[in-house]
Amino acid sequence: MMFDYRLLHPRFGVEVVGADLSRTIDESGCAEILEAFETHSVLLFRGPILDDEQQLAFSRWFGEVQVSFSGNQSGATLFSRQSNIDMETDTLMPPDHRQMKYQEGNRLWHSDSSYRPLGSKCSILSAHETPPSGGDTAFVSLRAAWDGLSDDMKRRCEGLSAMHALSYSRHLTGFSLTPEQEAEAPSALHPLVRVNPVNGRKNLFIGSHASHIDGLPVDEGRRFLGDLLDRATEPAAVYAHAWRDGDVVVWDNRAVLHRATPFDATRHRRLMQRTTIVGEAVLTL
Ligand code: OGA
Ligand code: MN
């Protein structure tokens with residue numbers, strides 16, 4: 001092994017110690033990192049702040065980088081920017097700014113791009129400016145969530161699929177997409193139970209984009225999804241990452257949920273830069 005690993009949470013996530021992403025990592029280093037990613041679902045790297053080229057070079061080891069959704073400040077590029085800083089003026093955006101309202105959706109547990117037909121394999125988020133307190137990103141493992149279900153609940157999930165839609169999760173925070181954005185973000189059906197293509201580990205696949213269950217009355221499906229989400233995100237299951245400038249976190253969008261947490265956005269700057277890797281056809285068992 002080239003690197004050392006420190007557990008972030010008893011059930012998932014590791015810090016990779018000794019890998020400097022601002023330098024080129026050779027093929028065997030990357031193979032080790034990719035294997036750790038499949039095993040642990042969340043990887044943390046601490047180091048100097050990455051520039052965009054360095055982040056793209058690292059991201060491409062995981063697969064094809066997705067073009068971002070147009071609602072984001074960096075929309076229609078290879079980056080999504082999570083920030084309270086206006087890119088044009090470099091000043092803080094007021095809380096009622098449409099971009100701030102759009103980003104409120106990040107406070108709900110979600111898997112990035114699960115409303116797209118291929119979803120996302122993983123996201124890579126780098127911290128450029130972090131507030132003195134708050135603004136953690138919280139994660140839960142959907143493998144742990146699956147393992148924790150009773151046999152009866154597991155049987156109820158098998159064979160079901162959920163419809164994921166960005167307009168649904170945004171509606172939960174009182175935000176409406178424009179008609180053009182609605183057309184750009186069609187909904188997608190994904191099995192409730194999926195399997196990691198490398199190691200065969202099973203997990204639940206839910207989150208706030210999941211609006212209802214195919215073939216069930218909307219209310220009933222929604223209640224079932226809500227119940228599963230509550231179980232998956234119980235406090236002991238959560239790893240909350242407290243960011244330092246230069247941190248990079250890679251998370252498996254197929255197998256974890258994440259959400260943003262509040263900070264004083266009217267006083268402090270926060271700038272995070274995300275690349276998102278295109279997903280793959282889902283394996284079920
Ligand atoms: C994201 C996201 C949460 C955060 O980048 O996909 O949900 O804490 N970020 O900024
Ligand atoms: Mn996200």
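For the structure I just gave you, tell me whether LEU257 is within 14 Å of ligand 1 (Cβ to nearest atom) and closer than 25 Å to ASN199 by Cα.
yes
Out of LEU204, LEU216, LEU225, which single residue is in contact with a Cys (Cβ under 9 Å, 6 or more places away or on another chain), touching a residue at least 12 places away in the same chain (Cβ under 8 Å) and surrounded by 14 or more Cβ atoms within 10 Å (Cβ to Cβ)?
Result of the check over LEU204, LEU216, LEU225: LEU204.
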Inset, instruction - Kindly establish whether LEU160 is over 26 Å from ALA76 (Cα atoms), touching a residue at least 40 places away in the same chain (Cβ under 8 Å), surrounded by fewer than 21 Cβ atoms within 10 Å (Cβ to Cβ) and touching a Cys at 6+ places or on another chain (Cβ under 9 Å). - result: no
Inset, instruction - Tally the residues that are away from ligand 1 (no atom under 14 Å from the Cβ) and either on the phi > 0 side of the Ramachandran plot or at pLDDT below 95 (or both), restricting the search to the range 54-87. - result: 3
Inset, instruction - Evaluate the following for ARG270: is it within 10 Å of ligand 1 (Cβ to nearest atom), among the basic types (Lys, Arg) and more than 25 Å from GLU64 (Cβ to Cβ)? - result: yes
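Please work out if ALA210 is farther than 26 Å from ARG6 by Cβ, more than 14 Å from ligand 2 (Cβ to nearest atom) and either touching a residue at least 40 places away in the same chain (Cβ under 8 Å) or in contact with a helix residue (DSSP H, G or I) (Cβ under 8 Å, 6 or more places away or on another chain) (or both).
Yes; evaluated as a whole, the condition is true for this residue.
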Inset, instruction - Just need a number here: residues in the range 108-131 that are farther than 26 Å from ILE33 by Cα and either hydroxyl-bearing (Ser, Thr, Tyr) or near ligand 2 (Cβ under 10 Å from one of its atoms) (or both). - result: 2
Legend entry - Odd one out for LEU189 among (1) within 15 Å of ligand 2 (Cβ to nearest atom); (2) in a strand (DSSP E or B): (1)
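I need the full set of residues from the range 236-285 which are at pLDDT below 95 and out of contact with any Lys or Arg (no Cβ under 8 Å at 6 or more places or on another chain), in order please. Outline the logic, then answer.
First pass over the range 236-285, keeping only residues at pLDDT below 95: 280-285.
Residue satisfying the conditions is ALA281 alone.
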Inset, instruction - Could you look through the range 166-184, keep only residues that are of a type in the set (Gly, Ala, Ser) and under 16 Å from GLN103 (Cα atoms), and pick out the one that is surrounded by the most Cβ atoms within 10 Å (Cβ to Cβ)? - result: SER169
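Tell me which residues, restricted to the range 222-243, are among the acidic types (Asp, Glu) and outside any helix (DSSP H, G or I).
GLU234 - this is the single residue of the range 222-243 that is among the acidic types (Asp, Glu) and outside any helix (DSSP H, G or I).
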Inset, instruction - Take the residues in the range 112-130 that are more than 14 Å from VAL67 (Cα to Cα) and within 11 Å of ligand 1 (Cβ to nearest atom), then tell me which one is farthest from the chain's Cα centre (by Cα). - result: THR130
Inset, instruction - Answer yes or no: is there a residue in the range 133-152 that is surrounded by fewer than 21 Cβ atoms within 10 Å (Cβ to Cβ), under 22 Å from ARG98 (Cβ atoms), away from ligand 2 (no atom under 14 Å from the Cβ) and not aromatic (Phe, Trp, Tyr). - result: no
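The values are calculated or read from the model by the stated rules, or taken from the named source; none is laboratory data. No experiment lies behind these values; they were computed from the predicted model shown. Cβ: placed from backbone, ideal geometry, glycine included. Neighbour counts: every protein chain shown.
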